[in-house]
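Structure record follows, encoded as structure tokens.
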Amino acid sequence: MLLEVRNLSAGYKSQGKEIEAVKNVSFSLDENDFLGIAGESGCGKSTLLFSILRLLKRPGEIFDGEVFFKGEDILKMDEETLRKKRWKEFSLVTQSAMNALNPVYKIKDQIMDVILEHSDYTKIEALEIIERVLQMVGIQKERMDSYPHQLSGGMKQRVAIAMALVFSPSLVVMDEPTTALDVVVQRSIMEQIDEIRNTNKFSMIFVTHDISLLFEISKRIAIMYAGELVELGQTKQVYLNPLHPYTSGLINSFPKLTKETKEYKGIPGKIPDLSKPIIGCSFKERCQNRKELCNTRPEFKEVIPGRWVACHFPL
Amino acid sequence: MGSLSFSPIISFENITKKFPVRKGFKVQYVHAVRDVSLDVFPGEIISIVGESGCGKTTLLRLLSRIYVEDEGKIVYGSEIVPKKFKRKEELEFRRKVQMIFQDPFSSLNPVKKVHQILGRPLELQKLNNIDERIYEALEEVELTPPKNFINKYPHELSGGERQRVVIARAIITKPSVILADEPTSMLDVSIRAGIMKLMLKIRDDFNTTYLHVTHDLAAARYISDRVAVMYAGMLLEECTADDIVLEPLHPYTQLLRKAAPDPDRLVSEKLGYTGEVPNLITPPKGCPFEPRCKYAMKKCKNFVPPYFRVNKRKVKCFLYEKNN
């Protein structure tokens, strides 16, 4: 097991109010796994990612829980050990990664910076590595000397991905890496990532609100609602046979490209206010099958091997 | 729906729009829309699909007179839309052609209540029974009961509710044409379906015509009767909503179709390297898609293909030349 998250709770504190954006989340990730986390805006998916990597900034705070990466708790590590592991053992690609590139540095200098900081390679060796990783993401080596503004959005995002892969980390976390890009570019970047994963095995956590994309490409999927995981399982199984009413609602609320059905439902109501305590199931206000028992909090439990759901009355 | 026996409500005829970009003393032009012709029929929902920078939003903004075309003309009903309105003409035009914007978080004035937001167009148009019409419009967009919403500020509403207020503002003058620029792309998945169904309901109730801009093929297929595919300022293909998914003809449409996310896809076809969108300051001389097209022929490089008819569809590609 590569990563194990146990009962993680995190959130934001401000003006005496405490907002629990991530509630009691547990899941694990194997080597060479591809977990997609789907959820709507404000469901806590980014907070979850940043907590796992211990990148959550104030007023954000991790309240409770453990995150074991290769057997060590990331949340208890001292700063220096953690800093050494970043980029090398795990790395992050964010949505705005393409805008995070420093505009006055050439592409190769930015990647060089990461390499020299985290290893003993000489500049010449580093250049070879840069050439190799850029080629891996489909950027010709002549482009090494370009400045970020000379590249298109798709190419900048490819550079950000290349940077995350420099040391072949065993875990790469991607937070909406293709959201700002066009469909064709998005598809070709996803293809590229797939190819790289075939040769350099690594695990990936991929977060997006583009649910149709996630259902198509991920191996396993976790559905998040109001800070909690409500369902987790093999993507195809979840898609064909959703157990949680929210998952089923989500699947019914986006039009499918190839299916004839002309009826999409959507989910009535809106997400609960996270600053107030939620009693029982967080989805009960919008759920059509709610019963008496839903006023007690359902446990996130394994109902079939590999299939987890937080619902008293799974579909 | 889109039957050719009616005369079109809107016609774009050979529209060209370029924007100046200054580089020192030199002025260059971004060719945003090039020679686009499109007929839209009453009660029809037509989706313009394409990637960012293809000119789809510019086309909408030309019709709404945010921009003025450089060449060609736009006909509304039986009259040419003038490049500069007289005040009276403008009021008349605005009453009939309304817009829905992409981002409901920035298209509503944060310091005005829903009542003021919806009342303003009616005041400008000097219409009567303002309160009554506001209630009616709120009911039409399913914000019920209206009295719970009328005194709210935009920040008190959720994203879906805001977009409904935006739609209410658009339909409040009973327009015959609504221009919708990516109306669902900023919304969460679970409320998108509701907004799309609302747009369809309004069409069914009032026979409203929509020009809908989107990059989401699945949404375009769901909501529209016809689809127009734009690329690098040109309209490459016009077809029914089903054709674009089931039988895309233009190589670019085929590429879009292959790239669109589809969870029901069993075997995914590799796209491989697909090239980049051409620079619109110096667009290709021939077909704009030629540099990326795997079927490119010699003449594609030098000539812009005309529209060829394939069954009832229009395709701007030399591959279909023999059909004519």
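Quick look at the numbers
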quantity: Single residue of B:Tyr222, B:Tyr295 found to be touching a helix residue (DSSP H, G or I) at 6+ places or on another chain (Cβ under 9 Å), on the phi < 0 side of the Ramachandran plot, within 14 Å of chain A (Cβ to nearest Cβ) and aromatic (Phe, Trp, Tyr); calculated: B:Tyr222
quantity: Out of A:Ser91, A:Ser170, sole residue that is at pLDDT 90 or above, in contact with a Pro (Cβ under 7 Å, 6 or more places away or on another chain) and on the phi < 0 side of the Ramachandran plot; calculated: A:Ser91
quantity: Flag if B:Val267 is within 14 Å of chain A (Cβ to nearest Cβ), within 21 Å of the chain's Cα centre (by Cα) and modelled with pLDDT under 90; calculated: no
quantity: Residue that is farthest from B:Gln254 (Cα to Cα) [pool: residues in the stretch B:213-241 that are open to solvent by less than 10 Å² (accessible area, probe 1.4 Å), part of a strand (DSSP E or B) and in contact with a Leu (Cβ under 8 Å, 6 or more places away or on another chain)]; calculated: B:Val213
quantity: Scan of the stretch A:185-207 for residues that are crowded, with 19+ Cβ neighbours inside 10 Å, more than 10 Å from chain B (Cβ to nearest Cβ) and either part of a strand (DSSP E or B) or among the charged types (D, E, K, R) (or both), ordered by number; calculated: A:Ser203, A:Met204, A:Ile205, A:Phe206, A:Val207
quantity: Strands (runs of 3 or more DSSP E) (entirely within the stretch A:1-59) containing at least 3 residues that are modelled with pLDDT of 90 or more, within 23 Å of A:Tyr239 (Cα to Cα) and not small (Gly, Ala, Ser); calculated: A:17-29, A:34-38
quantity: Selection from the stretch A:9-31 of residues that are touching a helix residue (DSSP H, G or I) at 6+ places or on another chain (Cβ under 8 Å) and exposed (fewer than 15 other Cβ atoms within 10 Å of the Cβ); calculated: none
quantity: Count - residues of the stretch A:267-290 that are exposed (fewer than 12 other Cβ atoms within 10 Å of the Cβ) and closer than 21 Å to A:Leu250 by Cα; calculated: 2
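Residues are listed down the side, and each one gets a yes or a no for (1) loosely packed, with under 14 Cβ neighbours inside 10 Å; (2) under 22 Å from A:Arg158 (Cβ atoms); (3) touching a His at 6+ places or on another chain (Cβ under 8 Å):
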position: A:Leu56; (1), (2), (3): no, no, no
position: A:Ile62; (1), (2), (3): no, no, no
position: A:Glu66; (1), (2), (3): no, no, no
position: A:Phe69; (1), (2), (3): no, no, no
position: A:Asp78; (1), (2), (3): yes, no, no
position: A:Leu82; (1), (2), (3): no, no, no
position: A:Lys85; (1), (2), (3): no, no, no
position: A:Ser91; (1), (2), (3): no, yes, no
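Okay, residues lined up against (1) touching a residue at least 24 places away in the same chain (Cβ under 8 Å); (2) more than 29 Å from B:Ser224 (Cα to Cα); (3) touching a His at 6+ places or on another chain (Cβ under 9 Å); (4) within 14 Å of chain B (Cβ to nearest Cβ):
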site: A:Tyr264; (1), (2), (3), (4): no, no, no, yes
site: A:Pro268; (1), (2), (3), (4): no, no, no, yes
site: A:Pro272; (1), (2), (3), (4): yes, yes, no, yes
site: A:Pro277; (1), (2), (3), (4): no, yes, no, no
site: A:Cys281; (1), (2), (3), (4): yes, yes, yes, no
site: A:Glu285; (1), (2), (3), (4): no, yes, no, yes
site: A:Gln288; (1), (2), (3), (4): yes, yes, no, yes
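The values are calculated or read from the model by the stated rules, or taken from the named source; none is laboratory data. Keep in mind that what you see is a predicted model, and the values were worked out from it rather than measured. In this analysis, Cβ positions are derived from the backbone assuming ideal geometry, glycine residues included, and neighbour counts consider all displayed protein chains. The protein model used for the area step is the full one, side chains on, heavy atoms only, and it has no ligands, DNA or RNA in it. Shrake-Rupley method; radii C 1.70, N 1.55, O 1.52, S 1.80 Å.
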